[in-house]
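**Q** Take a look at this one; I'll ask things after.
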Amino acid sequence: MLPKLKPLAVKERLSLLFLGRGQLDVQDGAFVLVDCEGVRTHIPVGGVACLMLEPGTRVSHAAVVLAARAGTLLVWTGEAGVRVYSAGQPGGARSDRLLYQAQLALEPAARLKVVRRMFAFRFGEEPPEKRSVEQLRGIEGTRVRAIYAQLAKSFGVAWNRRDYDPHEWGAGDVVNRCLSSATACLYGVSEAAILAAGYAPAIGFLHTGKPRSFVYDIADLFKFETVVPVAFRVASRNSSDPEGEVRRACRDAFRKTKLLHKIIPTIEDVLAAGEIPVPEPPEDAVGPAFSDEEGIGDAGHRN
C-alpha cells in the first residue's frame, strides 16, 4: 500500500511543466506521460504546481484523481501555451476565504484600498490620493505602456503596442507571441497558488467579468519582474522556436525569483489592505460532519 498523499505547499514545488502529444496516466503512484511510441516519461507526483496540457494530450481518470489529491492544477491550453481553454481545480476554495474575498470586492471603499495596495506593490510607490479605481487603472495603463517601450528599447526590439489576436496566433509579431506565451505561464502558476490558498480566481479587483479576473490581478503584480523581460530577451535573439524558448526561460525565472514563495503571502498582503476581517461562520450554521486530518499543504488544498 502506498502512503496517503498529502499536498506539498506551493512554495516547495516546481512551477510548471508543459505536456503535449501523449497520454497522461498514473504508474507506480506517479504521473507518467506515454507518447505514441510507448516511451514513458515520469513526472514527480505532487512536486509540480501546474501541468499545462497542450494539443494532442489525453488525460486518464486516474491522472485527474491523482492531480486532485496532490494539489496539482491541470490547465488545458492551445499550442505554445496560449488560449487557456479550461482548468481543473486542485483543491477546494474555503468558504471563509471566499466570503472574505467577495466582501472586499463588493465594498467600494475596501476594494479601492486593495487596488491601491496592488498599485503600490507593483510600482514601488503609493498611488496619488483621491483617485477612483478607474482613474488608477488609467494611470497604471500609462505606466505599463512606458515600461513596454523601455524594455523594447533596452533589448533592441521593434515595438508598436501590445497586440494579441487569439484567433490569428501566427499573425502577431515575434515579441507579442513571446509575451503571450510568457504571460500564459505566469497565469497558470498564479491560478494554482490562488486555488491552493483557498480563494476564487473569478473574483477580481482591477479585472472583472472573467473566470480568471483575480488571476490577472495577481499575475500583474509579478509580470515585470519575471516574464516580460524574458519575453523581450528571447524576441531579440531571432530564435527558431521563440515560444518554446520563452517557456523554458520563464520556468528558470520563476525558480530564480522564488516566485512560488511569494505569491500566497502577497495575496494575503494585498487583501489585508481592505481592512476587513475574515468573517466568522453564523452561529446557527451546521458545522462539518467530520474533522479533516492536519495536512502539510496550503489552506485551500483538499486533505
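The values are calculated or read from the model by the stated rules, or taken from the named source; none is laboratory data. Since this is a predicted model, take the numbers as computed values, not measurements. Positions of Cβ are backbone-derived with ideal geometry, glycine not excepted, and every protein chain shown enters the neighbour counts.
**Q** When you check Asn176 against the structure, is it farther than 28 Å from Glu12 by Cα and surrounded by fewer than 17 Cβ atoms within 10 Å (Cβ to Cβ), yes or no?
**A** no
**Q** Of the conditions (1) farther than 30 Å from Phe155 by Cβ; (2) at pLDDT below 90; (3) in contact with an Asp or Glu (Cβ under 9 Å, 6 or more places away or on another chain), Ile264 fails just one. Which one is it?
**A** So the condition that Ile264 fails would be (2).
**Q** Cβ-Cβ under 6 Å, sequence separation 6+ or interchain: first residue in region 218-238 and crowded, with 22+ Cβ neighbours inside 10 Å, partner among the acidic types (Asp, Glu). Which pairs?
**A** The qualifying pairs are Val234/Glu245.
Listed here are the residues, each with its yes/no results for (1) part of a helix (DSSP H, G or I); (2) more than 15 Å from the chain's Cα centre (by Cα).
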{"site": "Ala219", "(1), (2)": "yes, no"}
{"site": "Arg251", "(1), (2)": "yes, no"}
{"site": "Phe254", "(1), (2)": "yes, no"}
{"site": "Glu268", "(1), (2)": "yes, yes"}
{"site": "Leu271", "(1), (2)": "yes, yes"}
{"site": "Gly297", "(1), (2)": "no, yes"}
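**Q** Name the residue that is surrounded by the most Cβ atoms within 10 Å (Cβ to Cβ), counting only residues in region 50-71 that are in contact (Cβ under 8 Å) with a residue 60 or more places away in the chain and within 25 Å of Ala182 (Cβ to Cβ).
**A** Among those that are in contact (Cβ under 8 Å) with a residue 60 or more places away in the chain and within 25 Å of Ala182 (Cβ to Cβ), it is Gly71.
**Q** So, one more: Among the strands (runs of 3 or more DSSP E) lying completely within region 28-115, list those that include at least 1 residues that are modelled with pLDDT of 90 or more, more than 19 Å from the chain's Cα centre (by Cα) and over 16 Å from His301 (Cβ atoms).
**A** 30-34, 40-43, 57-59
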